[in-house]
Amino acid sequence: MKCKVCKEPAVVCLPSHNAAFCPGCYEKFYMKQVREGIRKRKLLNRDDKVLVALSGGKDSLSLMYALAELDYDVTGLHIDLGIPNSSEKARAVIEDFCSSRGFKLTVVEMEKEGMPMPLVKKHIRRPICSVCGKVKRHYFNRVALEQGFTALATGHNLDDEVARLFANTLRWDQAYLSDQGPVLPAENGFAKKVKPLYRLSEYENANFAFLQGIPYHHLPCPYSGGASFTAHKMLWRDLEFKSPGTKRSFYEGFLDRGAPAFASFHERKAEEVIACTDCGCPTSAGVCGVCRIKVQLDRALKDEGA
Ligand code: SF4
Ligand code: ZN
């Protein structure tokens, strides 16, 4: 197969774009998707100070690389969850990636914050991934606001976005549908959130990381239970195989024609937000969810030691 652009041998075939690319033309294609995605949905301004959430996976590292290539002012943020045989490996990959390319990096250690995930898993009777997700989102927002960043960028890709949109649509969850999209403006104590990879699939990001020689952390989290590929993602994989481009048109179609119908539900939700009495972060109750988890954990540890 030949590259659609220069006719050299192709290494990446993309049926959804009816195209195949050689390594050099694939890099140009990928960077154009990121650049055009940012421009089309007005994700970032040239003077934005961007904090990039880095998990160590292919998506977040490719995102950091691409935004730096596009000359945005980027700083990485990694939350070290303190999970044995996992967190130290992810952190090492990120630290190597950032130091070898001269990228700024901030690391927040859950051990030092008094909430390492193994202790949370042991003492908090809730699904660990829901608590972990909450904690990560809390610190992403907190670091962004405390350190004066104007945007928080995450590596969510097209597959993540489609799976989430599909789940929200199956439930007709108006509040969640009102928040769905590649940009959420800064408001009510929340930093602006952007997802510049929303036009690129998991496969496209993996190819980019591989061809750019970006080593990434690919081992699943020991707490994930191996369920990294959800039933919805499998359904969409089949749909996309039978009809290439369906994922993209479903998602972009929602942004263009579906999202405006849910905008009023976002406004209603935003009115309910107040500042946490302990940490000042936005919450709908007096004390935010993460401060409540901290209190529960401290209590459980005291009881254990008593
Ligand atoms: Fe956290 Fe691991 Fe669950 Fe991901 S899989 S949310 S890192 S506990
Ligand atoms: Zn709080």
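The values are calculated or read from the model by the stated rules, or taken from the named source; none is laboratory data. Keep in mind that what you see is a predicted model, and the values were worked out from it rather than measured. All Cβ positions, glycine included, derive from the backbone under ideal geometry; neighbour counts span all protein chains shown. Please note that ligands, DNA and RNA were not included when accessible areas were found on the heavy atoms of the full protein model with its side chains. Shrake-Rupley method; radii C 1.70, N 1.55, O 1.52, S 1.80 Å.
Quick look at the numbers
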{"quantity": "Residue, nearest to ligand 1 (Cβ to nearest atom), within the stretch 121-141, restricted to residues that are assigned to a helix (DSSP H, G or I) and surrounded by fewer than 18 Cβ atoms within 10 Å (Cβ to Cβ)", "calculated": "129"}
{"quantity": "The stretch 160-216, residues that are touching a strand residue (DSSP E or B) at 6+ places or on another chain (Cβ under 8 Å), in a loop (DSSP other than H, G, I, E, B) and under 21 Å from residue 32 (Cβ atoms)", "calculated": "182, 195, 196"}
{"quantity": "Pairs, first within 16 Å of residue 142 (Cα to Cα) in the stretch 108-122, second more than 15 Å from ligand 2 (Cβ to nearest atom), C-beta under 6 Å, six or more apart", "calculated": "108/79; 109/80; 110/81; 110/82; 110/116"}
{"quantity": "Count of the stretch 40-64 residues which are part of a helix (DSSP H, G or I), touching a residue at least 12 places away in the same chain (Cβ under 8 Å) and of a type outside the set (S, T, N, Q)", "calculated": "5"}
{"quantity": "Verdict on residue 118 being of a type outside the set (A, V, I, L, M, F, W, C), more than 16 Å from ligand 2 (Cβ to nearest atom) and surrounded by 15 or more Cβ atoms within 10 Å (Cβ to Cβ)", "calculated": "yes"}
{"quantity": "Residue 40 within 19 Å of residue 193 (Cα to Cα), modelled with pLDDT of 95 or more and over 19 Å from the mean Cα position of the chain (by Cα)", "calculated": "yes"}
{"quantity": "Candidate set: the stretch 217-243, residues that are in contact (Cβ under 8 Å) with a residue 12 or more places away in the chain and part of a loop (DSSP other than H, G, I, E, B); chosen: the one farthest from ligand 2 (Cβ to nearest atom)", "calculated": "218"}
{"quantity": "Scope the stretch 84-140; condition among the hydroxyl-bearing types (Ser, Thr, Tyr) and under 19 Å from the mean Cα position of the chain (by Cα); matching residues", "calculated": "86, 87, 106, 130, 139"}
{"quantity": "Selection count where residues are in contact with a Cys (Cβ under 8 Å, 6 or more places away or on another chain) and outside any strand (DSSP E or B), scope the stretch 65-81", "calculated": "1"}
{"quantity": "Residue that is most open to solvent (accessible area, probe 1.4 Å) [pool: residues in the stretch 142-159 that are in a helix (DSSP H, G or I) and more than 16 Å from ligand 2 (Cβ to nearest atom)]", "calculated": "159"}
{"quantity": "Scope the stretch 285-303; condition surrounded by 14 or more Cβ atoms within 10 Å (Cβ to Cβ) and more than 10 Å from ligand 2 (Cβ to nearest atom); matching residues", "calculated": "296, 297, 300, 301"}
{"quantity": "Index of the failed condition, residue 101 passing every other in (1) open to solvent by 10 Å² or more (accessible area, probe 1.4 Å); (2) of a type outside the set (Ser, Thr, Tyr); (3) farther than 22 Å from residue 51 by Cβ; (4) touching a residue at least 12 places away in the same chain (Cβ under 8 Å)", "calculated": "(3)"}
